[in-house]
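The values are calculated or read from the model by the stated rules, or taken from the named source; none is laboratory data. This one's a predicted model, so the numbers in the text were calculated from it and none came from an experiment. Neighbour counts are summed over all protein chains in view; Cβ atoms, including those assigned to glycine, are modelled from backbone coordinates with ideal geometry.
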């Protein structure tokens, strides 16, 4: 069973974020990258399936050259090999463009199962995995809590609203977007880190995959939350002030 896991490099949690000139994204040159946490849970689900059923886990990552460290991190945790689509400026790629790029690389691997995180920590669109499935013409399931392989098919548990769940059976190949918390994330062992240095990482490009960047949306302005402070004194008796305050909360602030 060949399982392909799409991972995204995102700024590490302890990074200091600064808005770049032009106000369309952040300055990323001096920021450390790490595996997007929801994608880390997709990787964990893939490794658990491999331990149970055997096969191969391949990680697929699109990003700048320094994102190779993110791939090595996944290899150190147990993935068998990696695919790196070297592409600068991925922050400008919308879900459809990114989905086309990843789907083109995935198509050449003919995986039995593709796993992605539910969404990315930086943009949070939650659409790329579903777009990949549609482009590849395979069934997909979202917000997956568990996966079982049964006679060439899979049975998955989906999380719905208000504590409800849905069990779905589908044929392979298929694509699943994994819910965070599906299992406890493993750490890379010292032996795993050593082995990762010798594992294959194939480098690809958008030109090789014949995918061009045709944005469907763009970020016009990125900015820090603006702080504002306004103090207003309400005259009158305590009863009059309470009535005036209630009216403002109800009709001006709309919090009641």
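Within segment 45-67, the set of residues being crowded, with 18+ Cβ neighbours inside 10 Å, assigned to a helix (DSSP H, G or I) and within 19 Å of the chain's Cα centre (by Cα) comprises 45, 46, 47, 67. Of everything listed in (1) modelled with pLDDT of 95 or more; (2) surrounded by 21 or more Cβ atoms within 10 Å (Cβ to Cβ), the single unmet condition for residue 139 is (2). The conditions are (1) more than 30 Å from residue 18 (Cα to Cα); (2) in contact with a strand residue (DSSP E or B) (Cβ under 7 Å, 6 or more places away or on another chain); (3) surrounded by 12 or more Cβ atoms within 10 Å (Cβ to Cβ), and residue 171 fails exactly one of them. Which is it? Checking residue 171 against (1) more than 30 Å from residue 18 (Cα to Cα); (2) in contact with a strand residue (DSSP E or B) (Cβ under 7 Å, 6 or more places away or on another chain); (3) surrounded by 12 or more Cβ atoms within 10 Å (Cβ to Cβ), the one that fails is (3). Of the candidates 3, 31, the single residue that is modelled with pLDDT under 95, touching a strand residue (DSSP E or B) at 6+ places or on another chain (Cβ under 6 Å) and not in a helix (DSSP H, G or I) is 31. Suppose the filter is at pLDDT 95 or above, within 26 Å of residue 134 (Cβ to Cβ) and in contact with a strand residue (DSSP E or B) (Cβ under 9 Å, 6 or more places away or on another chain); does residue 43 pass it? Here the answer is yes, as residue 43 does meet what is asked. Of everything listed in (1) more than 30 Å from residue 59 (Cβ to Cβ); (2) touching a strand residue (DSSP E or B) at 6+ places or on another chain (Cβ under 9 Å), the single unmet condition for residue 237 is (2). If you filter segment 184-207 down to residues that are assigned to a loop (DSSP other than H, G, I, E, B) and in contact with a strand residue (DSSP E or B) (Cβ under 9 Å, 6 or more places away or on another chain), you find that the one that is farthest from residue 93 (Cα to Cα) is 199.
Looking at 17, 83, just one residue is in contact with a strand residue (DSSP E or B) (Cβ under 8 Å, 6 or more places away or on another chain), more than 30 Å from residue 221 (Cβ to Cβ) and either assigned to a loop (DSSP other than H, G, I, E, B) or in contact (Cβ under 8 Å) with a residue 24 or more places away in the chain (or both), and that residue is 83.
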